[in-house]
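Peer 1: Structure below; questions to follow.
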Amino acid sequence: MMTKYGVVGTGYFGAELARFMSKVEGAKITAIYDPVNAAPIAKELNCVATATMEALCSHPDVDCVIIASPNYLHKAPVIAAAKAGKHVFCEKPIALNYQDCKDMVDACKEAGVTFMAGHVMNFFHGVRHAKALIKAGEIGEVTQVHTKRNGFEDVQDEISWKKIRAKSGGHLYHHIHELDCTLFIM
């Protein structure tokens, strides 16, 4: 069975996610929407670049919508996808406040579609292995956890939305994977 995906937001992460999904057996990227750079990504992935987010969400060749837009722009596409009867994978954090989260979850419940937040690290083999070791008592009692994100961010010509707290939510929202993993393995 082939699941057809539409992607809202093809900046760095959205484009990488679309590229990855296009290589997954049983998955096909059929449509993308991004007001800035949809055309080159659509050409690269041989899919449709829709003119609007609503057009992507209502596209007949889309079963599931991946929301990879900036954090502060998640609510509208999640609700539009749900209303169109599409399943939704929304990058973390799903929203920057409780009411937006509730509205999105409620819209998906009302539409009877699956809504998944992008807490993908819990599916990583190493994280699951750590959870199994802790559960089996093989590493003793865990009394403290320290997490660290390794990596780098390229120098940017302009200030990214990620550096603006009102748009990103701040560091906790960027490093939510570490908190989520810690809670998952304990």
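A short reminder: the numbers here are calculations on the coordinates, not readings from a lab. Computed from a predicted model, the values in this text were never measured in an experiment. Using ideal geometry, Cβ is built from the backbone for each residue, glycine included, and neighbour counts are taken over all protein chains shown.
Peer 1: Treat the count of other C-beta atoms within 10 Å as a stand-in for reagent exposure and order TYR12, TYR98, TYR72, TYR5 from fewest to most. Provide the component values of the computation, followed by the final result.
Peer 2: Numbers: TYR12 14, TYR98 8, TYR72 17, TYR5 25.
So the residues, fewest neighbours to most, are TYR98, TYR12, TYR72, TYR5.
Peer 1: Nearest 10 degrees, 0 to 90: what angle lies between the long axis of helix 98-111 and the longest principal axis of the chain (Cα atoms)?
Peer 2: Once rounded, one gets 60 degrees.
Peer 1: Which FRET efficiency value, to the nearest 0.05, is calculated for ALA55 and ASN122 with the Förster distance at 45 angstrom and r the Cβ-Cβ distance? Please report the intermediate quantities before stating the final value.
Peer 2: Details: r = 33 Å, r/R0 = 0.73.
The calculated FRET efficiency here is 0.85.
Peer 1: Report the residue, chosen from THR147, THR52, THR30, that carries the largest GNM mean-square fluctuation when the chain is represented by alpha-carbon nodes joined by springs under 10 Å.
Peer 2: The residue that fluctuates most here is THR147.
Peer 1: For q values of 0.13 Å⁻¹, compute log₁₀ I(q)/I(0) with the Debye formula on a Cα-only model of segment 3-118, without solvent.
Peer 2: -0.41
Peer 1: Sticking with this structure for a sec: Within 10 Å, at most 11 other Cβ atoms, and a DSSP state outside H, G, I, E, B define an exposed site. Report the longest part of the chain free of exposed GluC sites (Glu not before Pro). Please report the intermediate quantities before stating the final value.
Peer 2: Numbers: sites that count: GLU25, GLU138, GLU141, GLU153, GLU158.
Within the chain, the longest run free of exposed GluC sites (Glu not before Pro) spans 26-137.
Peer 1: Assign unit charges at the C-beta atoms only (+1 for Lys and Arg, -1 for Asp and Glu), then state the dipole size of segment 15-144 relative to its Cα centre in Debye, rounded to the nearest 20. All intermediate terms of the calculation are to be shown ahead of the outcome.
Peer 2: Numbers: 13 positive and 14 negative charges, 34 e Å.
Dipole of segment 15-144, to the nearest 20 debye: 160 debye.
Peer 1: Note down the nm distance, to one decimal, between modelled labels 7 Å out along Cα→Cβ at THR147 and at PHE20.
Peer 2: Modelled inter-label distance: 1.6 nm.
Peer 1: Give LYS43/LYS102; LYS23/LYS92; LYS28/LYS135; LYS92/LYS148; LYS4/LYS83 a once-over and call out the pairs whose C-alpha atoms are over 27 Å from each other. Working shown, then result.
Peer 2: Values: LYS43/LYS102 36 Å; LYS23/LYS92 22 Å; LYS28/LYS135 37 Å; LYS92/LYS148 18 Å; LYS4/LYS83 17 Å.
Correct reply: LYS43/LYS102; LYS28/LYS135.
Peer 1: Can you tell me which of 80-86, 112-118 comes out highest on packing, and rank the rest after it, using the mean Cβ neighbours within 10 Å? Display every interim value, and only then the final one.
Peer 2: Working: 80-86: 21.4, 112-118: 16.0.
With the highest mean Cβ count within 10 Å placed first, the list reads 80-86, 112-118.
Peer 1: In a GNM of the chain with a 10 Å cut-off on Cα contacts, which of PRO93, PRO70, PRO35 has the highest mean-square fluctuation?
Peer 2: Comparing PRO93, PRO70, PRO35 in a Gaussian network model of the chain, the most mobile one is PRO35.
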